[in-house]
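Participant: Starting off with a structure, shown below.
Taken together, the values in this text are just the output of simple stated rules run on the coordinates, not laboratory data. In this text, all values refer to a predicted model and were calculated from it rather than measured experimentally. Cβ: placed from backbone, ideal geometry, glycine included. Neighbour counts: every protein chain shown.
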Amino acid sequence: MNLFDAQLTFRKVLDAMARPGMVVKMPDIALNPSTENKYPFAILFTLLDHEVSFKVLDPKNRENTEEISRYISSNTGSRESRLENAVFFLIYGGSSNGLIKKMKRGTLEYPDDSATLIYDVGRIGKGIRLTISGPGIRAEREIEIDGIGEEEIREIVKVNSEFPLGIDAIFSDRYGNIVCLPRSTRVRA
């Protein structure tokens, strides 16, 4: 991934964070991960460096997480860390299996010292319907995400109930669509 691709990807992610629930089309960047969806990797390659850590969660395929972790490390210089210390998470299967409550949520002094979760989902525009409101949204907005569990959405809502503490979530599908739910966004399923 070259510098131009990284800058373009970063701008797309910022745009999606500034307008929660708005579907943003990612640039088509040449990456060759071992998974079907390359877009979470474009996001991670843009955000990770040797100073921040990550964690890959795939409850159904632990062997896959090791290969993905090596791929991310070799392309970013970042290292996978323990759950409590990781800043970025790549989550497969639509669920962290309740691990959200153990992730960094920031502190009142440093609310930005929190985790960002990147979900590899089936499809944005179909699936579970969410109604969202908050900063960056005029009144309310509805979005649909296929491949995320309702219990996972409830966990995100619960963790983000003490704003400014919480986590930020990015959902990415294999068609190049992303949608973001910053911790300031209120969500109803």
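Participant: Tell me the GluC sites (Glu not before Pro) within segment 112-170 that lie in a loop according to DSSP and have at most 12 other beta-carbon atoms within 10 Å. Could the numbers behind the result be given before it?
Facilitator: Details: sites: Glu140, Glu142, Glu144, Glu150, Glu151, Glu152, Glu155, Glu162; in loops: Glu140.
In loop regions of segment 112-170 (DSSP not H, G, I, E or B), the sparsely surrounded GluC sites (Glu not before Pro) are Glu140.
Participant: State whether segment 50-126 is rounded, prolate or oblate according to the following rule on the C-alpha gyration tensor (a ≥ b ≥ c being the square roots of its eigenvalues): a/c under 1.5 gives rounded; otherwise a/b larger than b/c gives prolate, and the remaining case gives oblate.
Facilitator: Values: a/c = 1.75, a/b = 1.18, b/c = 1.49.
Note, shape of segment 50-126 comes out oblate.
Participant: Scan around Thr35 for amide H atoms under 5 Å from its own, H built in the peptide plane at 1.01 Å from N, and keep only partners 5 or more places away or cross-chain.
Facilitator: Sorted by chain and number, the residues that satisfy this come to none at all.
Participant: Nearest-5 percent of antiparallel DSSP beta bridges in the chain?
Facilitator: Values: 17 of 32 bridges.
Here the antiparallel bridges make up roughly 55 percent for the chain.
Participant: Which is farthest toward the positive dipole end of the chain among Pro20, Ile68, Leu57, measuring Cα position about the Cα centre, with Cβ charges +1 (Lys, Arg) and -1 (Asp, Glu)?
Facilitator: The residue sitting farthest along the positive end of the dipole is Pro20.
Participant: Also, quick follow-up: Counting other C-beta atoms within 10 Å, and keeping those with at most 12, which DSSP coil GluC sites (Glu not before Pro) do you find in segment 1-97? Present the calculation step by step, with values, prior to reporting the outcome.
Facilitator: Numbers: sites: Glu36, Glu51, Glu63, Glu66, Glu67, Glu80, Glu84; in loops: Glu36, Glu51, Glu84.
Filter output for segment 1-97: Glu36, Glu51, Glu84.
Participant: Computed over the Cα atoms of segment 3-182, what is the ratio Rg over Rh, Rh following Kirkwood? Write down the numbers at each step before the final one.
Facilitator: Values: Rg = 15.1 Å, Rh = 16.3 Å.
Result: Rg/Rh = 0.93.
Participant: Using a cut-off of 20 Å between alpha-carbon atoms, which aspartates and glutamates can reach Lys158, once sequence neighbours fewer than 8 places away in the same chain are excluded?
Facilitator: Glu84, Asp112, Asp113, Glu140, Glu142, Glu144, Glu150, Asp168
Participant: Just the number, please: Stokes-Einstein D of segment 1-53 in µm²/s, Kirkwood Rh from C-alpha pairs, 4 °C, 1.567 mPa s.
Facilitator: Numbers: Rh = 11.8 Å.
Value of D from the Cα-based Kirkwood radius: 110 µm²/s.
Participant: Taking trypsin sites (Lys or Arg not before Pro) as candidate sites, keep only those in a DSSP loop with at most 14 other Cβ atoms within 10 Å, then name the longest stretch of the chain containing none of them. Walk me through the numbers on the way to the answer.
Facilitator: On the way: sites that count: Lys60, Arg82, Arg138.
After excluding every exposed loop site, the longest remaining stretch is 1-59.
Participant: Could you give me the ³J(HN,Hα) list for segment 159-171, computed from phi with Karplus coefficients 6.51, -1.76, 1.60 and θ = phi - 60°, whole Hz, x at Gly and Pro?
Facilitator: Residue by residue, segment 159-171 yields 5, 8, 6, 10, 3, x, 7, x, 10, 9, 10, 10, 10 Hz.
Participant: So, one more: Could you list which residues have their amide H under 5 Å from that of Asn177, counting only those 5 or more apart in sequence or on another chain, with H placed in the peptide plane?
Facilitator: For Asn177, whose amide H was placed from the backbone, the distant partners under 5 Å are Met26.
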